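*Asks:* Have a look at this one before I ask anything.
The values are calculated or read from the model by the stated rules, or taken from the named source; none is laboratory data. Note that this is a predicted model, so its numbers are computed, not measured. Positions of Cβ are backbone-derived with ideal geometry, glycine not excepted, and every protein chain shown enters the neighbour counts. What goes into the accessible areas is simple: the full protein's heavy atoms, side chains included, and nothing from ligands, DNA or RNA. Shrake-Rupley method; radii C 1.70, N 1.55, O 1.52, S 1.80 Å.
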Amino acid sequence: MPEPDSNLRSREVVAVIWDFDKTLIPGYMQAPLFEHFGVDEGQFWAEVNRLPEIYRRRGMRASKDTVYLNHLLSYVRNGPMRGLNNRLLRQLGAKLKFFAGLPQFFRELEEVARSRPEFVRQEIALEHYIVSTGLAEMIRGSAIAPFVEDIYGCEFVENPPPPHFSRQDEMALDGADWEIAQIGVMVDNTIKTRFIFEINKGSNKNPSIDVNSVVRAEDRRVPVKNMIYIADGPSDVPVFSVVRRNGGQTYAVYDPASPAEFAQNDGLLQVGRIHAYGPADFRPESSTAQWLKLHVRAICERIVREREDSVAKRVAHPPRHLHPPEPRIAASPRQDDLFGAKDGKK
């Protein structure tokens, strides 16, 4: 009798993991935020680009991704963005405009994983994730959020507890006038790879599984080979490399109006960072939509083959009745041996 299956996985999951800015939306998500407060977007980013060098001359190191979040907090503390909180960030996320075909395309990809009886029989499910260096609260307020399993992005803390807060008997749990004051989560293009492994091991579904825990390959909730990662360019090379090296699929998108982005993506293909690239257009007839559907279907077909082969190897053949061997029948003697040769010949 075969041993019971000890896998932690109860079903097979295909994960489609998306970058956000310039992948799902044109441009950067902070645009509605700057517009709301009347802040010059170009000036803000120019300042962000200058700050690492200013800090370097002071003998300090600061990453561009951390600098941009801290500079937003400076705008809050010093007045230009006074009153900014997570509630407002989520409201501003509703103003984000997506590329053609979105968010409907997310549902279309899910249907691919349910499009054949054998996919349903093997309980294959497709989940969408967003992993972004942008602001998680804005993504949560956007039109894409209801279609997404989980969102990883930068987050802010409002009204952080003061020194000696543990001595207080009561603390306010909510406040309409709170402002963002500290960085809660900072995501850069290297930290994105950590979230890939959280999805891989299932840390996002089971908090008892630490991302650094040793988890057997067969127990990981979403094998990397069941992943497709879609992003817009060279800044996502760390994730492209991790996903592709571990058997997943990688795809880059570009603005059809930008020859520079097209050339950038072609360069990624030439050096083996991505499997393919196409326009940021997710309507059914687009090459990008067709490529993603094709490869989701291919992953599902591979899962079916692997699970059926696994069952065939693990299930023992049923016992059969044993029968005694049948007696062998001797060959009949020739007639002339029994009665003698004809015509009196011996």
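*Asks:* Given a 1.4 angstrom probe, what's the average accessible area per residue across the chain, in square angstrom?
*Replies:* Result: 58 Å² of accessible area for each residue.
*Asks:* What relative contact order, as a whole-number percentage, does region 112-165 give when Cα pairs under 8 Å and 6 or more residues apart are counted?
*Replies:* Averaging sequence separation for qualifying contacts and normalising by length gives 32 percent for region 112-165.
*Asks:* Quick check on region 1-157: take the gyration tensor over C-alpha atoms, sort the square-rooted eigenvalues as a ≥ b ≥ c, and tell me if it's rounded (a/c under 1.5), prolate or oblate.
*Replies:* Judged from the Cα gyration tensor, region 1-157 comes out prolate (a/c at least 1.5, a/b above b/c).
*Asks:* For a paramagnetic label modelled at 7 Å from the Cα of N246 toward its Cβ, which residues of region 17-54 fall within the zone defined by backbone nitrogen distances under 15 Å?
*Replies:* 17-18
*Asks:* Now a separate question. Going by average Cβ neighbours within 10 Å, how do the peptides 235-247, 44-56, 27-39 rank, with the highest at the top?
*Replies:* Averaged packing, sorted descending, gives the order 235-247, 27-39, 44-56.
*Asks:* Calculate, for Q104 and S287, the FRET efficiency according to 1/(1 + (r/R0)^6) with r their C-beta to C-beta distance and R0 25 Å; round to the nearest 0.05.
*Replies:* In this case the efficiency is close to 0.90.
*Asks:* Answer rounded, prolate or oblate for region 15-58, using the Cα gyration tensor with square roots of eigenvalues a ≥ b ≥ c: rounded when a/c is under 1.5, else prolate when a/b is larger than b/c, else oblate.
*Replies:* Oblate.
*Asks:* What's the extension gain from R56 to N78 if we count 0.36 nm per residue and subtract their Cα-Cα distance?
*Replies:* Length gained between R56 and N78: 5.6 nm.
*Asks:* Classify region 179-264 as rounded, prolate or oblate from the Cα gyration tensor: take a ≥ b ≥ c as the square roots of its eigenvalues, call it rounded if a/c is under 1.5, otherwise prolate when a/b beats b/c and oblate if not.
*Replies:* Here region 179-264 falls in the oblate category.
*Asks:* Ignoring ligands, DNA and RNA, what percent of the 1.4 Å accessible area of the chain is carbon and sulfur?
*Replies:* Answer for the chain: carbon and sulfur cover 51 percent of the accessible area.
*Asks:* Using 0.36 nm per residue, how much length does the chain from V271 to N159 gain when fully extended, once their Cα-Cα distance is taken away?
*Replies:* So the extension gain works out to 35.7 nm.
*Asks:* Quick one: if the Förster radius is 22 Å, what FRET efficiency do I183 and Q264 give, using the C-beta to C-beta distance and rounding to 0.05?
*Replies:* 0.15
*Asks:* If you don't mind, another one. Evaluate the relative contact order of the chain (contact order divided by residue number), counting alpha-carbon pairs under 8 angstrom at least 6 apart; express in whole percent.
*Replies:* The value is 21 percent.
*Asks:* I've got another one for you. If you add up the charges near F105, with Lys and Arg at +1 and Asp and Glu at -1, over every other residue whose beta carbon is less than 12 angstrom from its beta carbon, what do you get?
*Replies:* -2
*Asks:* Could you give each residue of region 107-116 its phi-based ³J(HN,Hα) in whole Hz, using Karplus coefficients 6.51, -1.76, 1.60 with θ = phi - 60°, and x for Gly or Pro?
*Replies:* With the stated coefficients, region 107-116 comes to 5, 4, 5, 4, 5, 4, 6, 10, 7, 10 Hz.
*Asks:* Full extension from Q168 to R11: what is 0.36 nm times the residue separation minus their Cα-Cα distance, to one decimal in nm?
*Replies:* Here the answer is 51.8 nm.
*Asks:* Still on this structure, please answer the following. Compute the angle between helix 191-201 and the longest alpha-carbon principal axis of the chain, please, reported from 0 to 90 degrees and rounded to the nearest 10.
*Replies:* Once rounded, one gets 40 degrees.
*Asks:* Arranged from highest to lowest average of other beta-carbon atoms within 10 Å per residue, in what order do the peptides 283-291, 123-131 appear?
*Replies:* Top to bottom by mean Cβ count within 10 Å: 123-131, 283-291.
*Asks:* Which of the peptides 147-154, 72-79, 205-212 is most tightly packed, and how do the rest follow, going by the mean number of other Cβ atoms within 10 Å of each residue?
*Replies:* Going from most to least packed, we get 147-154, 72-79, 205-212.
*Asks:* Can you give the FRET efficiency for N70 and A94, using 1/(1 + (r/R0)^6), R0 = 25 Å, r = Cβ-Cβ distance, to the nearest 0.05?
*Replies:* So, using R0 = 25 Å, E works out to roughly 0.45.
*Asks:* Also, I was wondering about something else. How large are Rg and Dmax for the chain when calculated on the C-alpha trace, in angstrom?
*Replies:* According to the Cα coordinates of the chain, Rg and Dmax are 31.0, 134 Å.
*Asks:* Region 24-49 to region 251-278: how many Å between their Cα centroids?
*Replies:* If you average the Cα positions of each part, the centres end up 25 Å apart.
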